[in-house]
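Single-structure report; data block below.
Rule-based calculations on the coordinates, nothing more; no lab input. Note that the coordinates shown come from a computational prediction; the quantities given were computed from them, not determined experimentally. When we count neighbours, we look across all protein chains shown, and the Cβ atoms used for this are built from the backbone with ideal geometry, even at glycine.
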Amino acid sequence: MVERIKMPELPVERRLKSFDEVALGYSEEMARVEASRCLQCKNPPCVKACPLNVNIPAFIRHVREGNYEKAAEIIRSSNCLPVITGRVCPYERQCESACTLGKKGEPVSINALERFISDWELSRGFCIPAKIPEKTKGKKVAIVGSGPAGISAAERLALEGYEVSIFEALHMPGGVPLYGIPEFKLPKDVLLKGLKFLDELDVEILTNVVIGRTLTLNDLLSDGYDAIFLAIGANYPLSLGIPGENLCGVYFASEFLMRINLMRAYKFPHESDTPISVYGHVVVVGGGDVAIDVARCAVRLGADSVTILYRRTEKEMPARKVEVRRAREEGVHFSFLSQPIEFIGDENGRVKAIKCIKMELGPPDETGRRRPIPIPGSEFIVDADTVIVAIGQTVNPLALRGFPHIKLSKKGTIVVDPETLETTYSGIFAGGDAVTGSSTVAMAMSTGRKAAHFIIRHLSR
Ligand code: SF4
């Protein structure tokens, strides 16, 4: 049996001082060899395990045969953002975890093959639907948020002949993949090229429009939108709620990444107006992909050393293993079973240390992971010149301002009918992280597709 072909990567010494993409993608030869490993299962478990149910064996068969245009068409019929999923989807927990080959050895590298096809498609400028629909339905839909859920819904609705307008609070579309994912994982020019198909579909994108401030949901309803899809994401940072969180030098991950990814603070002062202050020993708090992204950015921004504090063990870390491995290669250290209890400042109000406590694992909590429990008397001090808190986000309810008809859960997420994704206000639907709190790109996209289906049903009544 041919061994799984590894994705080539940028050498570590070149990663340390640049934001260049780390995973370099397959060559054509690599892709065809890897595609030849697929068993073409009759009842393929990989398809069921993909949130978008991409016909994986069919597209892989076309890669094997060198028919890349057909492979792209198959992927695109279920997934309009392969440039994103091919780079950041946790395949090892989705389609690849179910691959038949993985039972006895290494699964097919579905991720690398999808990325190969999306790169091929972009290089050919083929990123457009074969048939541009006419706006025949005479109904218009407003989508709030231009992340994966919003874009997927927009694509489906536009293809069915609806007039679609996307309202984006920032000056560029893309949502979390734009402002939350570093350049070395998802280059912005690749992302923006991957969104070009929205122009071809005649989807209107209105940037710098903050729903809840520039316009309200009531404004959209009075402007004649027949349905609204709320894909506002979850970008409101969760805080630790411990003393010292407001000290200088303590960032929330969302602000830190926004400065770097969107405002390109790493090019300050010559090519960017946005500064970022990262120096000395940088401590990141958290164990998810965002914590790893932040730590790897800090390495590139010239930190002397970077340590991730996580309150459980490596086994429970939600971050992708491949990214943890890359972080280690780049010199990031980990301190497990460690929980900050206070940020300590100097006489100028700048953070200088963190008081932590050691944890041990107790019985499983509601997430199925073992609950971390503080060990009395185990407090210790970690020196820190910069701290970044990356423990998660929740929904920013600003979009619902002045519109009390939509119910929120205790966690602050939008309550929807699980079958139709309609909120507690008829004609307004919601999906993506705004409903789930956090999900993968493919899961968010699947909610966008589902919402589009039920919006169409709602508008056809
Ligand atoms: Fe190919 Fe694995 Fe899917 Fe089977 S489960 S069709 S081997 S990718």
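At a glance:
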{"quantity": "For Gly287, net neighbour charge (Lys/Arg +1, Asp/Glu -1) across residues whose Cβ lies under 11 Å away", "calculated": "+1"}
{"quantity": "Distant-in-sequence amide H partners of Tyr251 (H built 1.01 Å from N, under 5 Å)", "calculated": "Val387, Ile388, Val389"}
{"quantity": "Beta bridges by DSSP in the chain, antiparallel share as percent, to the nearest 5", "calculated": "40"}
{"quantity": "q = 0.15, 0.25, 0.26, 0.28 Å⁻¹: log10 I(q)/I(0) that the Debye formula gives for segment 69-126, counting C-alpha atoms only", "calculated": "-0.44, -0.98, -1.03, -1.12"}
{"quantity": "Rg in Å to one decimal, and Dmax rounded to a whole Å, for the chain via C-alpha atoms", "calculated": "22.6, 69"}
{"quantity": "D (Stokes-Einstein, µm²/s), Kirkwood Cα radius, segment 12-124, 1.002 mPa s at 20 °C", "calculated": "150"}
{"quantity": "Using θ = phi - 60° and Karplus 6.51 cos²θ - 1.76 cosθ + 1.60, couplings along segment 276-289 (whole Hz; Gly, Pro as x)", "calculated": "8, 10, 10, 7, x, 8, 9, 10, 10, 10, x, x, x, 4"}
{"quantity": "Out-of-range pairs (alpha-carbon distance over 18 Å; input Lys48/Lys193; Lys48/Lys321; Lys42/Lys321; Lys42/Lys103; Lys6/Lys315; Lys48/Lys450)", "calculated": "Lys48/Lys193; Lys48/Lys321; Lys42/Lys321; Lys6/Lys315"}
{"quantity": "Positive-pole candidate from Leu24, Cys297, Ala353, dipole of the chain, charges at beta carbon", "calculated": "Leu24"}
{"quantity": "Stretchable slack from Val12 to Glu65, in nm (0.36 nm times residue separation minus alpha-carbon distance)", "calculated": "15.7 nm"}
{"quantity": "Under 19 Å from the Cα of Lys188 - lysines, other chains or at least 8 residues apart", "calculated": "Lys17, Lys196, Lys267"}
{"quantity": "Electrostatic dipole magnitude of the chain [Cβ: Lys, Arg +1; Asp, Glu -1; Cα centre; debye, to 20]", "calculated": "1140"}
{"quantity": "Straight-distance crosslink candidates among aspartates and glutamates, where the alpha carbon sits under 13 Å from Lys407 and sequence neighbours closer than 8 are dropped", "calculated": "Asp417, Glu422"}
{"quantity": "Label point distance in nm, Lys104-Ser277, each placed 7 Å from Cα along Cα→Cβ", "calculated": "6.0"}
{"quantity": "Unit charges at the beta carbon, dipole of the chain: most positive-side option, His405, Tyr251, Phe184", "calculated": "His405"}
{"quantity": "Residue-averaged 222 nm ellipticity for the chain, from DSSP H runs of 4+ at -39500 (n - 2.57), nearest 500", "calculated": "-8500 deg cm²/dmol"}
{"quantity": "Environment charge of Glu419, counting only residues whose C-beta is closer than 13 Å and scoring Lys/Arg +1, Asp/Glu -1", "calculated": "0"}
{"quantity": "Mean projected area in nm² (Cα convex hull; one quarter of hull surface) for segment 240-391", "calculated": "9.5"}
{"quantity": "Computed P(r) (all Cα pairs; segment 1-74; 10 Å bins; percent)", "calculated": "18, 37, 29, 15, 1"}
{"quantity": "Using alpha carbons only: equivalent-ellipsoid semi-axes of segment 322-461, gyration tensor based, whole Å", "calculated": "41, 19, 16"}
{"quantity": "Top positive-direction residue, dipole computed over segment 203-277 with Cβ charges, set His270, Ile211, Phe229", "calculated": "His270"}
{"quantity": "Exposed GluC sites (Glu not before Pro) absent: longest stretch of the chain, with sites in DSSP loops and at most 13 other Cβ within 10 Å deemed exposed", "calculated": "135-270"}
{"quantity": "Percentage relative contact order, segment 240-391, counting C-alpha pairs under 8 Å, at least six apart", "calculated": "30"}
{"quantity": "Computed over the chain: relative contact order in percent, which uses C-alpha pairs under 8 Å that are six or more apart", "calculated": "16"}
{"quantity": "Neighbourhood charge, 9 Å Cβ-Cβ cut-off, centred on Cys356 and excluding it, Lys, Arg +1 and Asp, Glu -1", "calculated": "0"}
{"quantity": "Rounded to the nearest 20 debye, dipole of segment 240-391 from Cβ charges on Lys, Arg, Asp, Glu", "calculated": "520"}
